1. If N is the number of residues in segment 77-156, what value comes out of its Cα radius of gyration divided by 2.2 N^0.38 Å?
2. Using the Karplus equation 6.51 cos²θ - 1.76 cosθ + 1.60 (θ = phi - 60°), what ³J(HN,Hα) coupling, rounded to whole Hz, does each residue of segment 108-125 give in order, writing x for Gly and Pro?
3. Once you keep just the Cα pairs under 8 angstrom separated by 6 or more residues, what percentage relative contact order results for the chain?
4. In the P(r) worked out for the chain, what percent of Cα pairs fall beyond 24 Å?
5. Counting only helical runs of four or more DSSP H residues, what would the 222 nm mean residue ellipticity of the chain come to if each run contributes -39,500 (n - 2.57) and the total is spread over all its residues?
6. I need the P(r) histogram for segment 117-180: all alpha carbon pairs, bin width 5 Å from 0 out to the longest distance, whole percents.
7. Please give every one of the lysines within straight-line cross-link reach of K99, meaning a C-alpha to C-alpha distance under 21 Å, and leave out same-chain neighbours fewer than 8 residues apart.
8. Using a 1.4 Å probe over the heavy atoms of the protein chains, calculate the carbon and sulfur portion of the accessible area of the chain as a whole percent.
Amino acid sequence: MNLRIHIHTWLPLLLASALFTACSDDAAPAMKPALPANGGSNVKSVTHLGSVPATYDWQFTYSDGRLVRASGTSRDPSPEIDKNFSYTSNISYGPSSVKVSNSSGERISLTLGSSGLVEQMTVNGNIYEFYYRDLRLAGWEKTIFEDSFGHITQYRSSATIEYADGDLSRIVYSEDGLTRETLTFTPSNLVNTNGLLPELAAKQLGLLGFEHLYYAGLFGRPTVHLVQALHVEDLLDEGSSYSVDFDYTQRNGNYELCNYRYRGKAASVAYEY
């Protein structure tokens, strides 16, 4: 009789404990990446004007301090190609993972490191790997697989990214084992309060086409100051090297416009908040 009483006394407590543990696990809060803006507003749109290289315009939607939706449109110097592709990404957050679904049908899988930053990304079987130093993007490698008539060819590109006192200073970009370009950045004295991604460097930063994941806080800290000047040295074709100076317009504490000349032609990018 005493044994029966002991069991019946503790059984409800054990069930309650198990239920509480399960509910606690299920209720683990979703991760909240640190957005790149620091002291300024989060960017809600990025729009390019004039003569620009291959890039993307973006519209961002935030909810509860997270970027949850992004609509991108490709931009290109060629009128035949410009704005011919658009897609929307929906981003959802778990306790230690992020999922991305695209309206264009690309299959994307993200693997995050212990710091919550993307260390590997697969896009339709193509593989991107990213490396960090002091929570800033320090390098990447991309492997593209092309299947033609049963023969699979691999194309590789990569870059190393350097900083000086938290400012982006140099990128060395390579394709298929050949160093193709060296980008040298000169910082301004303007603090990058909105966490803007530097213009004309998305490809060499490994982020072209998914810049929105940078603005979602998944690719580390931004460069501390806005870029004042950029020199791009084409190591395979010296005639294609160029330099750019950037000029910024600020209002109400946010940077709203960046003007520059790309290969001698006027260009700009407008930001909304």
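The values are calculated or read from the model by the stated rules, or taken from the named source; none is laboratory data. Treat the numbers as computed from the prediction; the structure is a model and nothing was measured. Heads up, the Cβs are rebuilt from the backbone with ideal geometry, glycines too, and the neighbour counts pull from every protein chain shown. Ligands, DNA and RNA are excluded from the accessible area calculation, which covers all protein heavy atoms including side chains. Shrake-Rupley method; radii C 1.70, N 1.55, O 1.52, S 1.80 Å.
1. Values: Rg = 15.6 Å, N = 80, 2.2 N^0.38 = 11.6 Å.
In units of the globular-protein estimate, segment 77-156 measures up at 1.34.
2. Those phi angles translate into 10, 10, 10, 10, 9, x, 5, 8, x, 9, 5, 9, 9, 9, 10, 10, 6, x Hz.
3. On the way: 571 pairs, mean separation 50.8, N = 273.
It comes to 19 percent, rounded to a whole number.
4. Working: 20530 of 37128 pairs.
Percentage above 24 Å: 55.
5. On the way: 2 runs with 30 residues, N = 273.
That comes out to -3500 deg cm²/dmol.
6. Histogramming segment 117-180 at 5 Å steps yields 4, 16, 22, 20, 18, 10, 6, 3, 2, 0 percent.
7. Cross-link targets: K32, K44, K142.
8. Values: 7600 of 14750 Å².
It is 51 percent, rounded to a whole number.
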